[in-house]
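Structure, as structure tokens:
The values are calculated or read from the model by the stated rules, or taken from the named source; none is laboratory data. Everything numeric here is computed off the predicted structure, so don't read it as measured data. FYI the Cβ positions are ideal-geometry reconstructions off the backbone, even for glycines, and counts take in every protein chain you see. Accessible surface is based on the protein model in full, side chains and every heavy atom, while ligands, DNA and RNA are left aside. Shrake-Rupley method; radii C 1.70, N 1.55, O 1.52, S 1.80 Å.
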Amino acid sequence: MATHARPGSLPGPAPADRRVPELDPALVEEWQGGGGELVDLFALARERLGGIAAFRLGPRPTVLVTDPAAVQHVLAHHPDRYVKRSHRARLLIGDGLLAATGEAWQRQRRLLQSQFTGPGMRRYEQRIAGAARTTAARWASYARTGEVFDVGAEMRRFALDTIWRSLTGHPLDPGTERELAAVPAVVAAMPRLPADGAAAEEAVAAELARIDDVARRAIAAARDGAAGPDGPGLLHVLTEAAGTRPEYTDRLIRDELVTLLVAGHETTASTLTWLYLLLDRNPGAREQALAAGAEGSAQRRQAVQALVQETLRFYP
């Protein structure tokens, strides 16, 4: 089974009838029945079909591009050809940066980009350190009581706390943490949602309502100037932008807030989980990083960055 590609739509010389190999529907059904993660389906498609593969979760095929040359072809050489006409996550992130396109994407990217440069990220160092101290204290309590815990769940909790502190200036409280569990719940449900947009939204309406309620409260607090213990957060940047940029309505600010939660939560948590696994298997690497320099020194920072980069090499 195969999906037709338009002439010139894939890298390299290709005949007009070039086809993208498509994963056997029986394998997709087996994945759906087993309740696997979406990344498991991606891995299966790449393993069976290579760096350019297709599969169907509805009437239309999805093409997965992982081959480095093909990724460069799509993202760097021909971004005008591959546009986001309908992002699958739009029911969750709305018109946030991941779903935006064209001039809207350029405007939103310019506003957020300054927050994620080297100097921009230094504004959030104390918030990240605060979330790390909270996690370390919780782990110390587990050690005292002998409680067994899930490192993956702990890293998701840490990542969410970090993002929430960066957005609002406030530590993540238990009530907000419970409500924001709706975000990964919607993400996990997406591959199995109905193809019809209205039906898909109805299927996760309760979760979306919980997310909207949290966002509404956070945006209202930012508009009221309610800075947290570490000062104003990224939400204040977005609400202040609304004063000069009419497109930044409360709805778009909500969409950007949820986009940042989605984009930074699971990816960061997964990388840190793999890092802890590798350090457990290679304790000498941990000792070497700690011995590289004093806490907070450039030498130790570089050593830790090398560990993260090596983790991403093993588990990209």
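Could you give the accessible area per residue of the chain, probe 1.4 Å, as a whole number in Å²?
Per residue, the chain has an accessible area of 57 Å².
Could you tell me the accessible area of Met121 in Å² (1.4 Å probe, neighbours in place), rounded to the nearest ten?
70
Could you please put Asp250, Asp224 in sequence from largest to smallest accessible area, using a 1.4 Å probe?
Result of the area sort, largest leading: Asp224, Asp250.
Test of understanding: what is the full-extension gain from Met121 to Glu37, defined as 0.36 nm times their sequence separation minus their Cα-Cα distance?
Going from the current span to full extension adds 27.2 nm.
Tell me which label goes with the value of P(r) over Cα pairs in 20 Å bins from 0, in percent computed from the coordinates here: (1) 27, 52, 21, 0; (2) 33, 58, 9, 0; (3) 26, 57, 17, 0.
Evaluating P(r) over Cα pairs in 20 Å bins from 0, in percent on these atoms matches (3).
What ranking of Arg48, Arg165 comes out by heavy-atom accessible area, probe 1.4 Å, highest first?
From most exposed to least exposed: Arg48, Arg165.
I'd like to verify something in the chain: which complete DSSP H helices, judged by Cα projection on the helix axis, reach 18 Å or more and average at least -1.0 on the Kyte-Doolittle scale?
125-145, 151-168, 205-223, 250-281, 298-314
Share of region 156-195's accessible area from carbon and sulfur, percent, 1.4 Å?
Carbon with sulfur: 62 percent of the solvent-accessible area.
To the nearest 0.05, what FRET efficiency results for Ala181 and Thr244 with a Förster distance of 35 Å applied to their C-beta separation?
After rounding, the FRET efficiency stands at 0.50.
Return the whole-Å distance between the Cα centroid of region 167-190 and the Cα centroid of region 211-267.
First find each Cα centre; the distance between them is then 14 Å.
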